[in-house]
Every structure is written in structure tokens, then in C-alpha cells.
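Comments concern the structure below.
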Amino acid sequence: MHILLEGVITKEIRLLLQHCVHQKCITLAAFNERMKDIDLRHTDDKNRPTHISRETFNGDDKLGQRAAQSWCLAVILPLLVGDLIPEDDLHYQCFLTLLAILSISMAETVHTEDASLLAATIEDHHHRFRQLYPGEHLTPKMHYMVHLPQQLLNFGPLRTMWCMRFEAKNGHFKQLVKGNFKNIPYSLAFQNQLYMCYRLLPGPEGFSSYLCKQTIVHSGKTIDFTYHPLAEQLCELLQQPHQRPLWVFSVKGLT
């Protein structure tokens, strides 16, 4: 997460946007307008990138975005500016190479050969970057990218080792500590326990599925079980009175 989403990705997005503005492909105001108007799914809309100010655009490699927002921005960037940039633009091609690296790095399932593909793509990206941005140095995080293929071979999908969920939990505590200056450890522990109890309560919001996925009932059929020889035993097992008629729904499977 820190290597790509809070490092290389945001840095190269800023450099590419500066290139596009310099080439008069788009203005920063027009880019912000497109970013605000793009239709995102519900899961992505909560991570919609925020407005990029002129000061941030000129000097902040993070562009004022959180990690999840940087991920969303990287994915939708071709939709925002792809129709305005020539297909043979080398800066844009370099960014697409970085997107390929991001795709492999964030994949939930990988194969052994993906490590070789990732290594070759990282080498290609760094070579392009040095040629296209001679005034920019290769950062330590770009060096860390070189080790990602070996880590993929050693440990499997790289996203299983990221700290995104830990950072999210840390963000929860940061919100709780605001305005609290007395016995902070106790307050955080107490508030967190209340929050976890609330999440684990069953209810219409579906909080009972917090630790496990909800049961999915597959297709089936309704059977008249009223006069079945095992009707009494079934009612005893379910601790239900033997009512008539007795209907049973038979399903092909539960997941």
C-alpha cells in the first residue's frame, strides 16, 4: 500500500497531469470537473478522489488523497483523460505500464508466472520513467518495487501482506481521539468495545454477517410433509409443534 498507493502511483499521476496541462490537453479545472462528474459504483463512490488544488498539483506527490482515493484515481484516470491524450504519447504509455503493475500487485489470486511478468513490467516502467522524467529521481519506493516479484513468489498475492485494513482501524481510533484529552487509552478501548458489540448485533442492517458471509439459499422446491413418516421426528428436532399442513422447503444447497 505504502509503496504504490501512497508513493509511486500518486507521484506519477501528478507528473502525468502536469504533462497534460503543459501540452494543453486539459486544464486542471476541467480535470477536477470531470473527476467530480464521473459516475462511479457505490463501492468506489465512497473513495471518490477529492478536488486537486493548484498548490497540491504543483508540489504534493500525494495530491491530497488517501490510499483508497489514490487507487480509485489511478484506475479511472484513463477514463478521465484517455480521450484527450494521443495514443502514442510516451508519458501516458508509461503510466499504463504502472497500471499493469498495480493490477498484478492488487490481484487476489496469482500464478507463478505472474512474478516474471511483474519483474519485466517493473523494469520496463523504471526505464521509461528515467527517460521521460530526467529531472525526477528514482525514489526509494521505486526501488522497493523491484523486490515485489520475489515477495510474490515467497508469500503469494501481495495484497494479503498490505496494511490497508490496519491503517483503516488506526483511522477509526484517530476519529475517536479527537477532542479527548483525559485517559485516552481507556476511552479508546471502551469506545471500540461498544462499536464492536454494535457491529456484532443481528439486525436489519445485516451486522450479523460482520464475521462471516450471509447464508445464500440456492433454488429448491416446496414439499408437503404433513403425512410423511418422519414428520413427528422433524418437528421434535426443530422444536416446533406438528401443525397441519406441514410444508418443507427442500433446497439443492446452501453456501
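The values are calculated or read from the model by the stated rules, or taken from the named source; none is laboratory data. Computed from a predicted model, the values in this text were never measured in an experiment. Cβ atoms come from the backbone with ideal geometry, glycine included; neighbour counts cover every protein chain shown. These area figures cover heavy atoms from the full protein model, side chains too; ligands, DNA and RNA do not enter into them. Shrake-Rupley method; radii C 1.70, N 1.55, O 1.52, S 1.80 Å.
Collect the residues in the stretch 88-106 that are over 12 Å from Ile13 (Cβ atoms) and either assigned to a helix (DSSP H, G or I) or in contact with a helix residue (DSSP H, G or I) (Cβ under 7 Å, 6 or more places away or on another chain) (or both), keeping them in residue-number order.
Answer for the stretch 88-106, where residues must be over 12 Å from Ile13 (Cβ atoms) and either assigned to a helix (DSSP H, G or I) or in contact with a helix residue (DSSP H, G or I) (Cβ under 7 Å, 6 or more places away or on another chain) (or both): Leu90, Gln93, Leu96, Thr97, Ala100, Ile101, Ser103, Ile104, Ser105, Met106.
Conditions: (1) in contact (Cβ under 8 Å) with a residue 24 or more places away in the chain; (2) assigned to a loop (DSSP other than H, G, I, E, B); (3) open to solvent by 40 Å² or more (accessible area, probe 1.4 Å). Cys25 meets all but one. Number of the miss?
(3) is the only condition that Cys25 fails.
Scan the stretch 75-105 residue by residue and report those that are open to solvent by less than 20 Å² (accessible area, probe 1.4 Å) and either under 23 Å from Asn47 (Cα atoms) or without any contact (Cβ under 8 Å) to a residue 40 or more places away in the chain (or both).
Ile76, Leu77, Leu80, Val81, Phe95, Thr97, Leu98, Ile101, Leu102, Ser105
For the stretch 107-120, enumerate the residues that are in a helix (DSSP H, G or I) and open to solvent by less than 40 Å² (accessible area, probe 1.4 Å).
Asp114, Ala115, Leu118
Residues being charged (D, E, K, R) and within 21 Å of the chain's Cα centre (by Cα): count how many of those fall in the stretch 95-121.
Final tally of qualifying residues: 2.
Just a yes or no: is a residue in the stretch 135-154 among the charged types (D, E, K, R), in contact with a helix residue (DSSP H, G or I) (Cβ under 6 Å, 6 or more places away or on another chain), surrounded by fewer than 17 Cβ atoms within 10 Å (Cβ to Cβ) and under 20 Å from Trp71 (Cα atoms)? It would help to see each step written out before you state the result.
First pass over the stretch 135-154, keeping only residues among the charged types (D, E, K, R): 136, 141.
Still in the running and in contact with a helix residue (DSSP H, G or I) (Cβ under 6 Å, 6 or more places away or on another chain): 141.
When the remaining residues are screened for being surrounded by fewer than 17 Cβ atoms within 10 Å (Cβ to Cβ), the result is 141.
Now narrow it down to the ones that are under 20 Å from Trp71 (Cα atoms): 141.
So far as the stretch 135-154 goes, yes, one or more of its residues are among the charged types (D, E, K, R), in contact with a helix residue (DSSP H, G or I) (Cβ under 6 Å, 6 or more places away or on another chain), surrounded by fewer than 17 Cβ atoms within 10 Å (Cβ to Cβ) and under 20 Å from Trp71 (Cα atoms).
Please go through the stretch 51-60 and give me each residue that is in a helix (DSSP H, G or I) and open to solvent by 20 Å² or more (accessible area, probe 1.4 Å), ordered by number.
Of the residues in the stretch 51-60, the ones in a helix (DSSP H, G or I) are 54-59.
Scanning the stretch 51-60 gives Arg54, Glu55, Thr56, Asn58, Gly59.
From the residues in the stretch 234-255 that are open to solvent by 100 Å² or more (accessible area, probe 1.4 Å) and outside any strand (DSSP E or B), which one is modelled with the lowest pLDDT?
So, considering only residues that are open to solvent by 100 Å² or more (accessible area, probe 1.4 Å) and outside any strand (DSSP E or B), the one modelled with the lowest pLDDT is Lys252.
Listed residues Arg159, Arg130, Arg165; which is modelled with pLDDT of 90 or more and open to solvent by 30 Å² or more (accessible area, probe 1.4 Å)?
On inspection, the qualifying residue turns out to be Arg130.
Output the number of residues of the stretch 61-85 satisfying the condition of being part of a loop (DSSP other than H, G, I, E, B) and either in contact with a Phe, Trp or Tyr (Cβ under 8 Å, 6 or more places away or on another chain) or under 13 Å from Phe31 (Cα atoms) (or both).
Qualifying residue count, the stretch 61-85: 5.
Output the residues belonging to the stretch 121-167 that are in contact (Cβ under 8 Å) with a residue 40 or more places away in the chain and assigned to a loop (DSSP other than H, G, I, E, B).
Tyr133, Glu136, Thr139, Gly156, Pro157, Trp162, Cys163
Looking at the stretch 61-74 only, could you name the residues that are hydrophobic (A, V, I, L, M, F, W, C) and either open to solvent by less than 10 Å² (accessible area, probe 1.4 Å) or farther than 13 Å from Glu12 by Cα (or both)?
Leu63, Ala67, Ala68, Cys72, Leu73, Ala74
Considering only residues that are more than 15 Å from the chain's Cα centre (by Cα) and either modelled with pLDDT of 90 or more or not in a helix (DSSP H, G or I) (or both), look in the stretch 36-50 and name the one that is surrounded by the fewest Cβ atoms within 10 Å (Cβ to Cβ). So that I can check it myself, show each step before the final result.
Taking the stretch 36-50 first, the residues more than 15 Å from the chain's Cα centre (by Cα) are 36-39, 50.
From what is left, the residues that are either modelled with pLDDT of 90 or more or not in a helix (DSSP H, G or I) (or both) are 38-39, 50.
Values: Ile38: 14, Asp39: 7, Thr50: 15.
This residue is Asp39.
I'd like the residue in the stretch 168-182 that is open to solvent by 90 Å² or more (accessible area, probe 1.4 Å) and either part of a helix (DSSP H, G or I) or at pLDDT 85 or above (or both) and, out of all such residues, is nearest to Ile122 (Cα to Cα).
The residue in question is Lys174.
When the stretch 4-28 is examined, which residues are found to be of a type in the set (A, V, I, L, M), in contact with a Lys or Arg (Cβ under 9 Å, 6 or more places away or on another chain) and within 16 Å of Ala74 (Cβ to Cβ)?
Residues satisfying the conditions are Leu4, Leu5, Val8.
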